[in-house]
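What follows is a short report on a single structure.
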Amino acid sequence: MNRKIIISLIIASIVSQIAAQETKPDWGIKFSGFVKTDIFLDTRQSSASNGIREGHFYLYPDNVLYDADMNDLNANPSFHILNIQTRLKGDISGPDAFGAKTSGAIEAEFFGTNESDLNGFRLRHAYMKMDWQKTTLIIGQTWHPMFPAESFPGTISFNTGAPFTPFSRNPQVKVIQKFNHVSFTLTAYAQRDFTSSGPDGTSNKYIRNSGLPGFNLQVQAVAGDVFTAWAGADYKTLRPELKTPANIETDATIGSFSVFSNMKIKTTPLNISIMGTYGQNASDLVMIGGYAVSEITDTIRQTKTYTNLNTLSLWTDLSTNGKKLTFGIFAGYSKNLGAKEIINGPVYGRGNNIDHLFRVSPRIALTEGKLTFAAEVETTTAAYGTMRNDGQVINTNKVSNVRILLSTIYKF
């Protein structure tokens, strides 16, 4: 067949497909997002591990660090302006498939993937969704099932309540089954940007090498538009090493179990959200905790067993329902509960020398059309000390940071 005829047929096919799509205006992709500028002043220093991306994603203040004259070097202020939370999202709609309504989403921001990639364009969400009458299937990367996506804290700060609320996005397969006012959700997930700690630093290879995904099961109950409650359990398995320092293959793993409950009450004057989490080895959820070597079972072969470091976290968030001027306040508390077994080796995780954390952050926002000006005062206190061999932290001293945050948010 003549090449010109083939090209003409291809062009005609493309034009016919475009014309067919034009008869379905609800098919395609719709872009939205916002430009955000954060201006913040901290009264105390925070290191890269305690405040991600030059302190923008703030977790907690650094411990005391004395110079030769016994001056606390970390008791010095820090000022910054960043736009890295600026975001672009595409909501995708398409034709039905297998009897289900189909949709999807792609979302990215300029937060980067590590400290050296600041301003880098990184993936946040990328998933497809299939909705039947009572069943929903989601495949792709989106919020970890322990993140309260439908009732998360409304903080102006990008930390969204971390490290008090579980915070992570994960590649996953999720099935939601609805029964009138109750639904059940089963999720199998992997790790990507938010990963566990281990002998080789933070990496997703520990869960990959276990040969199993993480599993999460939760139930949700809804009472109209006023009340929603969630409760669930989560289990993941890590294999910290493929071989011991003695060059001996090891299949030792550690399983970590977490439970959580969340409640949202929506009234005319106020929205109220409350969440409690008991987490084992929760560092991949940007919470304090982790795991440790509990026993060297063979000193020659260097084989090991492990024990979890356990964390209890509670938070509440209140916000008004004004359309133009809104007020809110977040309060969170996190406690290191230690380990169930005696620690006899290295400890892996986040904030393992912290006994407890506390934060309170009132906020105000003024919105006109697509533009919002917001301010927040965030006070975070960390009780640093010495970890005992049962994982508990003793002889604590408290340090606090006050962050004054001013933000502009322009949506499109």
How many residues does the range 165-198 hold that are in contact (Cβ under 8 Å) with a residue 60 or more places away in the chain, touching a Phe, Trp or Tyr at 6+ places or on another chain (Cβ under 9 Å) and of a type outside the set (A, V, I, L, M, F, W, C)? 8
Name the single residue, out of those in the range 135-166 being under 15 Å from LEU285 (Cα atoms) and among the hydroxyl-bearing types (Ser, Thr, Tyr), that is surrounded by the most Cβ atoms within 10 Å (Cβ to Cβ). THR165
Which one of these does ILE354 not meet: (1) closer than 25 Å to TYR291 by Cβ; (2) without any contact (Cβ under 8 Å) to a residue 60 or more places away in the chain? (2)
Taking the range 29-73 as the search range and keeping residues that are crowded, with 16+ Cβ neighbours inside 10 Å, hydroxyl-bearing (Ser, Thr, Tyr) and assigned to a loop (DSSP other than H, G, I, E, B), which one is nearest to the chain's Cα centre (by Cα)? TYR60
Filter the range 212-223 down to residues that are over 14 Å from ILE254 (Cβ atoms) and surrounded by fewer than 18 Cβ atoms within 10 Å (Cβ to Cβ), then give me how many there are. 6
Within the bounds of the range 395-406, is there any residue that is part of a strand (DSSP E or B) and within 19 Å of GLY279 (Cα to Cα)? no
Go through the range 324-353 and give me each residue that's under 17 Å from THR165 (Cβ atoms) and β-branched (Val, Ile, Thr). ILE329
If you go through ALA162, ALA149, the only one that is free of Cβ contacts under 8 Å to residues at least 12 places away in the same chain, of a type in the set (Gly, Ala, Ser), out of contact with any helix residue (DSSP H, G or I) (no Cβ under 6 Å at 6 or more places or on another chain) and not in a strand (DSSP E or B) is ALA149
Tally time: how many residues in the range 351-392 are of a type in the set (Ser, Thr, Tyr) and surrounded by 21 or more Cβ atoms within 10 Å (Cβ to Cβ)? 2
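Each value in this text was obtained by applying a stated rule to the coordinates, not by laboratory testing. This structure is a prediction, so every number in the text was calculated from the model and none was measured. Every residue, glycine as well, gets a Cβ built from its backbone with ideal geometry; the counts of neighbours run over all protein chains shown.
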